Amino acid sequence: MPETDGRVNILGLTRPAFEALAGRGGHSRALGRLYRRAFAEGRFEPGREAIAKGTAAALAARVALRLPAVERVVEEDGPFGTTAKALLRLDDGQRVECVRIPVARRGPEPGPATLCVSSQVGCRMGCVFCESGRRGYVRDLRPEEIVGQYAAARLTLGWDIGQIVFMGMGEPLDNFEGLAGALAVLLDESGPAFSQDDITVCTIGLPEGIARLRGLGLKRLNLSVSLNAPDEGLRGELMPASRGVGLEALAAVLALYPQRRNFALAVNYCLVPGRNDGPGAEAGVAAFLRAAAPSGRAVLNLIPYNPGSSPIGRAPTEAEIDSFTKRLEAAGALVKLRSPRGRGLMAACGQLGRID
Ligand code: SF4
């Protein structure tokens, strides 16, 4: 069981797991209040609840609430609102980043934002367009460190968070235990109480991990896969960890992912002009989308490349984006253009992980 200073961090526990730790003599309603307050108010004070003294003391000795320390926050205004990137320090001094991404709305009031969380310190997937990939893998995050990013965002920074995307540092399916543990807590109705529809797991497409995720039985959890190339050869160049993963095999495992009404499998494509928009690229992409969602819908999220500290190309021009979009649509793909938010902060897609 994960521990901090000898005590288990409540941020990594579901309510049933927390109650099991409290053991006999616990009061379910009071324990429920204690659990809820930890997530809603950032307070964990067993001695102040209507719990037998001995149980409260035992709980305080075994369980603690620990938030990661916020070291720095940088913000950038954009057309949809303010993007903010927070640098958080973990117990062992390692640092991770999470990003508050504004969500475009119709009305004048800003609504809840999306929080992009990290699942590992660094990443071993080595995608050439990504800062985290260049940094290399350091370690997996524990469930309480993933949930801790949400808790710090909400409780320390006061951010209004409505959705979570696992798209920060790390490949979430390469840290399956951490991901599964964090999802269980985030979905706990007595805790953060997210609905599955408001959580998205983004992966480079590890078939085994996708099958394991399906095995969790979370039928409304969103999944998003990075394609980034129309064929396996170029995909392997851009995303070395995808070598050996055939596009057919990947599409087949995706086709088994629960499809439901209003569900669209999100397929991400970071457009690097001159690299992955060559002649015929649209046909390969459209064929993949059809195979990956045979009975449902797949949407191609086209993301203009953000040159990082060691660029592999340049950002596409509007005309290049427009022309590639038209080619994809003519080939039958449903395309959504994702406007980069937080480019100046190194907080846009593929830019997390440059911690300095
Ligand atoms: S894009 Fe994602 S999977 Fe690839 S190196 Fe970066 S963090 Fe890892």
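Just so it is clear, none of the values below were taken in a lab; they were calculated from the coordinates. Since this is a predicted model, take the numbers as computed values, not measurements. Virtual Cβ from ideal backbone geometry, glycine too; neighbours counted across all protein chains shown.
For the reader, a short list of remarks on this structure follows.
- Residue-averaged 222 nm ellipticity for the chain, from DSSP H runs of 4+ at -39500 (n - 2.57), nearest 500: -8500 deg cm²/dmol
- Taking Cα atoms only, the orientation of helix 28-40 departs from the longest principal axis of the chain by about 50 degrees.
- Amide H to amide H distances under 5 Å link Y137 with C123, where only residues 5 or more positions off or on other chains count and H is placed in the peptide plane.
- For the chain, DSSP calls about 45 percent of its internal beta bridges antiparallel.
- Whole-angstrom gap from region 64-86 to region 137-155, using each part's C-alpha centre: 13 Å
- Check: region 8-64 dipole with +1 on Lys, Arg Cβ and -1 on Asp, Glu Cβ, in debye: 100 debye
- Protection proxy ranking, peptides 249-255, 180-186, 220-226, average beta carbon neighbours within 10 Å, highest first: 180-186, 220-226, 249-255
- Of interest is the spacing of the C-alpha centroids, which for region 93-119 and region 251-311 amounts to 23 Å.
- Computed over the alpha-carbon pairs of the chain, the distance histogram in 20 Å steps reads 30, 55, 14, 1 percent, short to long.
- The rule of thumb for compact globular proteins, 2.2 N^0.38 Å, goes into the C-alpha radius of gyration of region 84-222 1.02 times.
- Given charges at beta-carbon only (K, R positive; D, E negative), |dipole| of the chain in Debye: 780 debye
- When the chymotrypsin sites (Phe, Trp or Tyr not before Pro) in region 1-81 are filtered for DSSP coil states and for at most 15 other beta-carbon atoms within 10 Å of their beta-carbon, the remaining sites are F80.
- Rule-of-thumb Rg ratio for region 187-318 [Cα; 2.2 N^0.38 Å; N residues]: 1.12
- Rg(Cα)/(2.2 N^0.38 Å) for region 8-64, N = residue count: 0.95
- Projecting the Cα positions of V99, P304, Q163 onto the charge dipole of the chain (unit charges on Cβ atoms of Lys, Arg, Asp and Glu, taken about the Cα centre) puts Q163 furthest along the positive direction.
- Straight-line cross-link reach from K326 at under 30 Å between alpha-carbon atoms covers these lysines, not counting any fewer than eight positions away in the same chain: K336.
- Residues whose placed amide H lies under 5 Å from that of V63, excluding near-sequence neighbours: V8
- Region 29-128 - Rg (one decimal) and Dmax (whole number), Cα, Å: 18.8, 56
- Mean Cβ neighbour count within 10 Å, used as a protection proxy, ranking 116-122, 237-243, 257-263, 137-143 highest first: 116-122, 137-143, 237-243, 257-263
- The tail of the calculated P(r) for region 113-173 beyond 14 Å holds 55 percent of all Cα-Cα pairs.
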